């Protein structure tokens, strides 16, 4: 982002891929805000690590299933760091394993409220601040998807896969919608990554299945995000990058 303030918000930034992404962006010269839903102590550890890179950093508690919390999150980041020029739409949940025949309305409502509606509302807030048509200076939105969006999640979480497929569609559509407003919109599809998001035993059972023969590290996903949000990817928009070891 040449001649543009580098201020990023990473939703769900207190653990796993989100935490590694926040610290990586700080290392590359970004001021960073992270949102978290619980474990303020863990979020503050990430903030401290970002500040250790010589950057400003803040943590804000917000439930991405709540429209009011999302609006409040962006308002607080405006106040603490100024309007963002980068959003990493990372917050999301993975439900317990199950088959479609056993899904309940509550399960689906909770999942889509966070993974889809929350992502849309965060993108809305970001566009309102970044759009050159609205007085902003441009920016980049990186949506965190999953290889499940392509593979389907059969026998485990078809609903999660569908939620991430919706994120993929948003990436394409929003990218085309705001390209003339100085905003790029891109995505990342992690595969089997060694984080605590997996059900017990799943990573051990499937970790060697990718062609590269191992699960990925959160830092490898963070590196992809950092490239996509940087000027080095200035001609990339509407695309989603697989970081999945070939799976």
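Quick note: the coordinates plus some simple rules give every number you see, no bench work behind them. The structure presented is a predicted model; accordingly, all values stated were derived computationally and were not measured. Neighbour counts run over all protein chains shown; Cβ positions are idealised from the backbone, glycine included.
Here the label points at residue 45 and residue 154, each 7 Å from Cα along the C-beta direction, are separated by 3.9 nm in the simple model. Rg/Rh for region 7-239 stands at 0.95; both radii use Cα atoms, and Rh follows the Kirkwood definition.
Relative to the longest principal axis of the Cα atoms of the chain, the long axis of helix 218-228 lies at roughly 40 degrees.
Given only helices, namely DSSP H runs of n ≥ 4 each adding -39500 (n - 2.57), what is the per-residue ellipticity at 222 nm of the chain, to the nearest 500 deg cm²/dmol?
-12500 deg cm²/dmol
Spatially, region 22-95 and region 111-126 are offset by 15 Å when compared through their Cα centroids.
Modelled label positions at residue 212 and residue 82, each set 7 Å beyond Cα in the direction of Cβ, lie 3.5 nm from each other.
Rg/Rh for region 1-55: what does it come to with C-alpha atoms and Rh from Kirkwood?
Values: Rg = 10.7 Å, Rh = 10.9 Å.
In region 1-55, Rg relative to Rh is 0.98.
Highest mean first, the peptides 161-172, 90-101 sorted by other C-beta atoms within 10 Å per residue fall in the order 161-172, 90-101.
Dividing the Cα radius of gyration of region 1-106 by its Kirkwood radius returns 1.05 for Rg/Rh.
Springs between Cα atoms under 10 Å define the GNM used for the chain, and in it the highest mean-square fluctuation of 18, 136, 52 occurs at 52. Each Cα pair under 8 Å and six or more residues apart adds its sequence gap; the mean of these over the residue count of region 89-164 is a relative contact order of 42 percent. Working from label points 7 Å from Cα in the Cα-to-Cβ sense, the residue 96 to residue 194 distance is 2.8 nm.
Counted residue by residue at 0.36 nm each, then reduced by the alpha carbon distance between them, the extension gain from residue 234 to residue 106 reaches 42.0 nm.
In percent, what relative contact order does region 120-247 have, based on Cα pairs under 8 Å that are 6 or more apart in sequence? Intermediate values should be presented prior to the final figure.
On the way: 207 pairs, mean separation 35.7, N = 128.
Here the relative contact order equals 28 percent.
Length gained on full extension, residue 28 to residue 172: 49.2 nm, using 0.36 nm per residue less the C-alpha separation.
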